[in-house]
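Structure first, then comments.
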Amino acid sequence: MDFSSKLLENAVNEVSQLPGIGKRTALRLVLHLLKQPVERTQQLSQSLLQLRESINFCRNCHNISDTELCEICANPNRDESLVCVVEDIRDVMAIENTSQYRGHYHVLGGKISPMDGIGPGDLTINSLVEKVKNGSVKELIFALSSTMEGDTTNFYIYKQIEGNDVTTTTIARGISVGDELEYADEVTLGRSILHRIPFESSLKNS
């Protein structure tokens, strides 16, 4: 792709680094910004800088938050003894959109994937295990995507907390095998949360 401006080329190259954004889409976005009032670009730049510099991760569940404790964990109407284990914030948002879940979350920050060099130590599994051992969790819901990496992560956590007084369940397989949680429709995802099954049953069926 030939550019008439080095400044334009640099901007397109930076935008195209974003997931799912190719050079042509990046060019379209950059040209769109050039047509907007300069204040729009300044507001966008400022909001991104502020996000990068000021964002927090909840000390309890590791969800992205503006404060030390996220709104979900700080809400006294949520059931802290019920913890839903998810991969990242997109899954929290997907489940919250169903309005079918009133417990807490634990964001792992990924899934165990040796092929990608991601091991248990790269995730927030240790703090989850400590939470269970402290006795504050009565039920742990595994809500990772039904992929090989998701199932491996579920099983690893299950073995780490085995012997503790905690019920382990997994969302019902209304979510197709191989599907990512964030792409499931709200009705299907809501039903999967409501009709969760014991995790041991999922091991027998796998």
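Read the figures in this text as sums done on the coordinates, not as results from a lab. Keep in mind it's a predicted model, so treat the numbers as computed, not measured. Here the Cβ is made from the backbone with ideal geometry for all residues, glycine too, and neighbour counts use every protein chain on show.
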key: Whole-number D in µm² s⁻¹ for segment 6-54, Kirkwood Cα-pair radius fed into Stokes-Einstein, 20 °C, 1.002 mPa s   = 186 µm²/s
task = Restricting things to alpha carbons, tell me how big segment 26-142 is in terms of Rg and Dmax, in Å.
result = 18.2, 57
Anchor residue 133: lysines whose Cα lies under 27 Å away (excluding residues fewer than 8 positions away in-chain) = 111, 159, 204
ask   = Give or take rounding to whole Å, what are the principal axis extents of the alpha carbon atoms in the chain, in descending order?
value = 65, 36, 34
note = Projected onto the charge dipole of the chain (unit charges on the beta-carbon of Lys, Arg, Asp and Glu, signs +1, +1, -1, -1), the Cα from 103, 3, 137 with the largest positive-side position is that of 3
request  = May I ask you to order 35-47, 9-21 by the average number of other C-beta atoms within 10 Å around their residues, highest value first?
outcome  = 9-21, 35-47
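What full-extension length gain, to one decimal in nm, is calculated for residue 160 and residue 127 as 0.36 nm per residue of separation minus the Cα-Cα distance?
10.7 nm
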note = Once Lys and Arg are counted +1 and Asp and Glu -1 for all other residues with Cβ under 15 Å from that of residue 132, the total becomes -1
query = Which of 92, 83, 30 moves the most in a Gaussian network model of the chain with Cα springs under 10 Å?
reply = 30
note = Answer in debye to the nearest 20: the dipole magnitude of the chain about its Cα centre, from +1 Lys/Arg and -1 Asp/Glu charges placed on Cβ, is 280 debye
task = Mind jotting down the distance between the C-alpha centroids of segment 61-109 and segment 114-134, whole Å?
result = 17 Å
Beta bridge orientation in the chain: antiparallel %, DSSP, nearest 5 = 30 percent
